[in-house]
Amino acid sequence: MKEEQIIAQIKKTAKWSAAGFVGLFFGMSTWFTTSEGYIYYVQNKLTGNTEVYSEPGLHLKMPLFTNIYEYKRVATIDMSADVASEFTRDLDAIGVTFADTYGADVPMTFRFRLPIDEANFRKLHQEFRSFENLVDALLVSNARNVAVVTATQYTGEEFIQGGVNSYKAQMEDQLRNGLYVTKREQVEVKDSG
């Protein structure tokens, strides 16, 4: 075999190898899998079409022109300063001030379920654009805010002497239905005798 034939054979093999690699790349890039416990927002950048997948399965996509955003169905935010990695966020305990100006660091854990109906999930994604933004800008912020606001409805003494369960129930109610509107007034009592 002449040197020219060897070079031609190498070029031919390289072309077929490159074509095979490109074909394999596009073949493997045309589908993706969805897992249990996650919701996926899929956006085709070329056509602008979007899809929401909340069930596990195998789905088609356009290679190179598809963004896939993955959200956990349930976000768990631990605010107890424990070093456990199974939480979505692991933060320090929340510092609260009670109505009588006593303060405490209160450890808490919050679990938030994301909506799985397509219309509400689309709104959620359009507002926050990623799971990380949703957790940091909405869930952690609201959890801290509700914990601090709820603490102002108790005295430190009430909290320590058994008011923890009532505090938790009020916090859960406010997370579900919105913050209570409270108004403070200074009242002066005069002795009539």
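The values are calculated or read from the model by the stated rules, or taken from the named source; none is laboratory data. Computed from a predicted model, the values in this text were never measured in an experiment. Note: ideal-geometry Cβ built from the backbone for every residue, glycine included; neighbour counts use all protein chains shown. Calculation scope for accessible area: heavy atoms of the full protein, side chains included, ligands and nucleic acids excluded. Shrake-Rupley method; radii C 1.70, N 1.55, O 1.52, S 1.80 Å.
Annotations
- In the stretch 82-99, the residues that are in a loop (DSSP other than H, G, I, E, B) and of a type in the set (Val, Ile, Thr): Val83, Thr88
- Number of residues in the stretch 164-181 that are assigned to a loop (DSSP other than H, G, I, E, B) and surrounded by 10 or more Cβ atoms within 10 Å (Cβ to Cβ): the value is 2.
- Filter result for the condition that a residue is open to solvent by 80 Å² or more (accessible area, probe 1.4 Å), of a type in the set (S, T, N, Q) and either touching a Lys or Arg at 6+ places or on another chain (Cβ under 9 Å) or not in a helix (DSSP H, G or I) (or both), over Gln186, Gln161: Gln186
- A search for C-beta distances below 9 Å between a residue of the stretch 180-191 that is within 18 Å of Asp100 (Cβ to Cβ) and β-branched (Val, Ile, Thr) and any residue that is open to solvent by less than 100 Å² (accessible area, probe 1.4 Å) and not in a loop (DSSP other than H, G, I, E, B), counting only pairs 6+ apart in sequence or on different chains, returns Thr182/Val149.
- The condition (being at pLDDT 95 or above, in contact with a His (Cβ under 7 Å, 6 or more places away or on another chain) and either within 17 Å of Phe121 (Cα to Cα) or of a type in the set (A, V, I, L, M, F, W, C) (or both)) is satisfied by just one residue among Tyr40, Tyr69: Tyr69.
- For the stretch 149-158, the count of residues that are assigned to a helix (DSSP H, G or I), exposed (fewer than 14 other Cβ atoms within 10 Å of the Cβ) and in contact (Cβ under 8 Å) with a residue 40 or more places away in the chain is nonzero.
- Residue ID - nearest to Leu114 (Cα to Cα), chosen from residues in the stretch 33-81 that are in contact with a Pro (Cβ under 8 Å, 6 or more places away or on another chain) and not in a loop (DSSP other than H, G, I, E, B): Thr34
- Condition broken by Ala81, with the remaining ones in (1) modelled with pLDDT of 90 or more; (2) more than 29 Å from Tyr69 (Cβ to Cβ); (3) among the aliphatic types (A, V, I, L, M) satisfied: (1)
- Residue count for the stretch 113-130 under the criterion of being in contact (Cβ under 8 Å) with a residue 60 or more places away in the chain, open to solvent by 50 Å² or more (accessible area, probe 1.4 Å) and not in a helix (DSSP H, G or I): the result is 2.
- Any hit, the stretch 86-108, residues being within 23 Å of Glu36 (Cα to Cα), of a type in the set (Ser, Thr, Tyr) and open to solvent by 80 Å² or more (accessible area, probe 1.4 Å): no
- Residue match in the stretch 58-71 (condition: under 30 Å from Asp90 (Cβ atoms) and either small (Gly, Ala, Ser) or without any contact (Cβ under 8 Å) to a residue 40 or more places away in the chain (or both)): yes
- Selection count, the stretch 1-32, where residues are part of a helix (DSSP H, G or I), within 30 Å of Phe121 (Cβ to Cβ) and open to solvent by 80 Å² or more (accessible area, probe 1.4 Å): 2
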